[in-house]
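J.: Sharing a structure with you now.
The values are calculated or read from the model by the stated rules, or taken from the named source; none is laboratory data. Since the model is a prediction, treat every value here as computed from it, not as a measurement. Note: ideal-geometry Cβ built from the backbone for every residue, glycine included; neighbour counts use all protein chains shown.
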Amino acid sequence: MKRVLKNEIVAECPMDKFFAYATTMRHWPEWHPVTLSVTGQVAKPAKTGDRAHEKVRTARFFSGTIDWKIVKSIPPVEFSMQALKINLPLLGGARVKIDYRFEPLGKKKTRMTRIFQYQLPFYLVVLDTLYLIWQNEKRIGGGHEKT
């Protein structure tokens with residue numbers, strides 16, 4: 001089963017500059033909490049066909065790597081990447097694609113929408129469902145009323 005997680009941020013930065021910053025892979029450790037480092041073409045904004053090797057730490061203790069291929073880059077509005085190989089405990093069989101959309105909010109602000117699409121190996125689907133329920137309960141404060 002494919003899952004989709006979507007989140008947005010607003011940056012006080014013109015769209016073209018924010019796009020360039022977010023798609024220059026050497027900056028990923030500065031703004032993405034699981035990224036430890038990135039190698040590959042990291043000196044300038046990524047283009048379609050570029051590849052990267054990302055070292056990550058997920059769930060605060062699983063360390064590993066993800067090899068990415070940039071599948072679409074349309075400056076300054078759209079950026080997409082596909083995981084080619086995931087070397088993380090339990091997640092080796094997962095499929096992941098991340099899309100970024102950039103939208104101007106006036107001349108000096110930009111909204112970036114991140115759409116994280118993933119499909120887990122069958123043995124992790126139940127754990128993922130329980131985790132998402134737990135996260136949702138935590139986010140809404142439990143959702144239970146005492147009578």
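J.: Take Lys97 and tell me if it is in contact with a strand residue (DSSP E or B) (Cβ under 9 Å, 6 or more places away or on another chain), crowded, with 16+ Cβ neighbours inside 10 Å and modelled with pLDDT of 95 or more. Give the steps one after another, and end with the answer.
T.: Working: in contact with a strand residue (DSSP E or B) (Cβ under 9 Å, 6 or more places away or on another chain): yes; crowded, with 16+ Cβ neighbours inside 10 Å: yes; modelled with pLDDT of 95 or more: yes.
Spelling it out, Lys97 is indeed in contact with a strand residue (DSSP E or B) (Cβ under 9 Å, 6 or more places away or on another chain), crowded, with 16+ Cβ neighbours inside 10 Å and modelled with pLDDT of 95 or more.
J.: Ok, one more. I'd like the full set of residues that are surrounded by fewer than 16 Cβ atoms within 10 Å (Cβ to Cβ) and not β-branched (Val, Ile, Thr), limited to region 46-63.
T.: The first filter runs over region 46-63 and keeps only residues surrounded by fewer than 16 Cβ atoms within 10 Å (Cβ to Cβ), leaving 47-49, 51, 57-63.
Of everything in region 46-63, those that are surrounded by fewer than 16 Cβ atoms within 10 Å (Cβ to Cβ) and not β-branched (Val, Ile, Thr) turn out to be Lys47, Gly49, Arg51, Arg57, Ala59, Arg60, Phe61, Phe62, Ser63.
J.: Could I ask something else about it? Looking only at region 35-60, count how many residues are in contact with an Asp or Glu (Cβ under 9 Å, 6 or more places away or on another chain) and hydrophobic (A, V, I, L, M, F, W, C). Give the derivation first.
T.: Residues of region 35-60 that are in contact with an Asp or Glu (Cβ under 9 Å, 6 or more places away or on another chain), as a first pass: 35-41, 51-54.
Now restrict to residues that are hydrophobic (A, V, I, L, M, F, W, C): 36, 38, 52.
Selection size over region 35-60: 3.
J.: In region 28-45, how many are surrounded by fewer than 16 Cβ atoms within 10 Å (Cβ to Cβ) and either part of a loop (DSSP other than H, G, I, E, B) or touching a residue at least 12 places away in the same chain (Cβ under 8 Å) (or both)? Break it down into steps so the answer makes sense when it comes.
T.: So in region 28-45, the residues surrounded by fewer than 16 Cβ atoms within 10 Å (Cβ to Cβ) come out as 30-33, 36-37, 39, 43-44.
Next, from what is left, pick out any that are either part of a loop (DSSP other than H, G, I, E, B) or touching a residue at least 12 places away in the same chain (Cβ under 8 Å) (or both): 32-33, 36-37, 39, 43-44.
Of the residues in region 28-45, 7 are surrounded by fewer than 16 Cβ atoms within 10 Å (Cβ to Cβ) and either part of a loop (DSSP other than H, G, I, E, B) or touching a residue at least 12 places away in the same chain (Cβ under 8 Å) (or both).
J.: Which number in (1) modelled with pLDDT of 95 or more; (2) surrounded by 15 or more Cβ atoms within 10 Å (Cβ to Cβ); (3) over 13 Å from the mean Cα position of the chain (by Cα) marks the one condition that Leu84 misses?
T.: (2)
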